[in-house]
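Here the structure is laid out as structure tokens; the discussion comes afterwards.
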Amino acid sequence: MTGLLSNFRNTIIVSVLLALVIAFGFGHSPHGFDEAYFQAVFRLLHVFFGILWIGLLYYFNFVQIRVMPQIPAELKPAVSKYIAPEALFWFRWAALATWLMGVVLAFSRGYLAEAATFGLWGGYERGVDMGFTFIGLGMWLATIMFINVWGVIWPNQKRALGIVEVDADAKAKAAKMAMLFSRINTLLSIPMLATMTMYQTLFN
């Protein structure tokens, strides 16, 4: 067991295999392998990637950004050259996967257009559905956060970390911009989580 747990890759492989066995077991529920089953799989993937994305967002904001000023200058390259680039790799791809699986889930459940328009898509007879308003708000907050990751945070982090060569002034400006937009995503994350989690209980 120690040999398994001391190797990250093997730990994840075994975890995924166990999850696949459980997911296959759910296929023998009364639903079988029907549309609802695959929606459940999409939700599983959406939540997994979301935990990875938001978990790393919180790592950056709760830990790294706050602690970096206290780290001696000679030790900072260990973070900027090794830890941060690795964390940013998982961060940005988890953001993409979370957003894509959210869209797939909403489409498969038939409410993508209603949510994207805050419940207005159904026409005058249907009116505005409060559930679609809330889940739509969560989806748009997550979309803004996703765009921030790929459109602002990652390009600026590449400059700040020296992945893209720029002068010292541009590097400092890029670091500040990346930090500010990371804080914007942190600000939006809790309202986004509130809409999505409470929607699942009260409207789903």
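The values are calculated or read from the model by the stated rules, or taken from the named source; none is laboratory data. Every value quoted in this text rests on a predicted model; they were computed, and no experiment measured them. Don't worry about glycine lacking a Cβ; one is built from the backbone with ideal geometry, like all the others, and counts go over all protein chains shown. When the accessible area is computed, the model is the full protein with side chains, heavy atoms only, and any ligands, DNA or RNA have been set aside. Shrake-Rupley method; radii C 1.70, N 1.55, O 1.52, S 1.80 Å.
Residues of region 1-15 that are surrounded by fewer than 10 Cβ atoms within 10 Å (Cβ to Cβ), in a helix (DSSP H, G or I) and of a type outside the set (D, E, K, R): THR2, GLY3, PHE8.
Would you check if there is a residue in region 20-43 being polar (S, T, N, Q) and over 17 Å from the mean Cα position of the chain (by Cα)? There is at least one residue in region 20-43 that is polar (S, T, N, Q) and over 17 Å from the mean Cα position of the chain (by Cα).
Conditions tested, residue by residue: (1) under 25 Å from GLN64 (Cβ atoms); (2) among the aliphatic types (A, V, I, L, M); (3) touching a residue at least 24 places away in the same chain (Cβ under 8 Å).
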site: GLY131; (1), (2), (3): no, no, yes
site: MET139; (1), (2), (3): no, yes, yes
site: LEU161; (1), (2), (3): yes, yes, yes
site: LYS176; (1), (2), (3): yes, no, no
site: MET179; (1), (2), (3): yes, yes, yes
site: MET198; (1), (2), (3): no, yes, yes
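So for region 35-43 (the condition being touching a Phe, Trp or Tyr at 6+ places or on another chain (Cβ under 9 Å), within 30 Å of LYS176 (Cα to Cα) and small (Gly, Ala, Ser)), does at least one residue qualify? Scanning region 35-43 turns up no residue that is touching a Phe, Trp or Tyr at 6+ places or on another chain (Cβ under 9 Å), within 30 Å of LYS176 (Cα to Cα) and small (Gly, Ala, Ser).
Can LEU180 be described as open to solvent by less than 70 Å² (accessible area, probe 1.4 Å) and among the aliphatic types (A, V, I, L, M)?
Values: open to solvent by less than 70 Å² (accessible area, probe 1.4 Å): no; among the aliphatic types (A, V, I, L, M): yes.
No; evaluated as a whole, the condition is false for this residue.
Taking the conditions exactly as written (farther than 21 Å from PHE146 by Cβ and assigned to a helix (DSSP H, G or I)), does VAL47 satisfy them or not? Spelling it out, it is not the case that VAL47 is farther than 21 Å from PHE146 by Cβ and assigned to a helix (DSSP H, G or I).
Name the residue, out of GLU86, GLU125, that is at pLDDT below 95 and of a type outside the set (A, V, I, L, M, F, W, C). Give the derivation first.
On the way: GLU86 fails: at pLDDT below 95.
Going through GLU86, GLU125 in turn, just one is at pLDDT below 95 and of a type outside the set (A, V, I, L, M, F, W, C): GLU125.
Going through region 40-60 one residue at a time, which ones are open to solvent by less than 50 Å² (accessible area, probe 1.4 Å) and aromatic (Phe, Trp, Tyr)? Residues satisfying the conditions are TRP53, PHE60. Taken over region 135-184, the criterion of being more than 17 Å from ALA87 (Cβ to Cβ) and either assigned to a loop (DSSP other than H, G, I, E, B) or touching a Leu at 6+ places or on another chain (Cβ under 6 Å) (or both) is satisfied by LEU141, VAL164, GLU165, VAL166, ASP167. Restricting attention to region 25-39, report how many residues are within 14 Å of VAL104 (Cα to Cα) and loosely packed, with under 13 Cβ neighbours inside 10 Å. Total satisfying the criteria: 1. For region 142-165, a residue qualifies if it is open to solvent by less than 40 Å² (accessible area, probe 1.4 Å), among the β-branched types (Val, Ile, Thr) and within 14 Å of PHE89 (Cα to Cα), and the qualifying residues are VAL149, ILE153.
Take the conditions in contact (Cβ under 8 Å) with a residue 12 or more places away in the chain and either exposed (fewer than 14 other Cβ atoms within 10 Å of the Cβ) or under 25 Å from ILE190 (Cα atoms) (or both) and apply them to VAL21. Does it pass? No: the conditions fail for VAL21.
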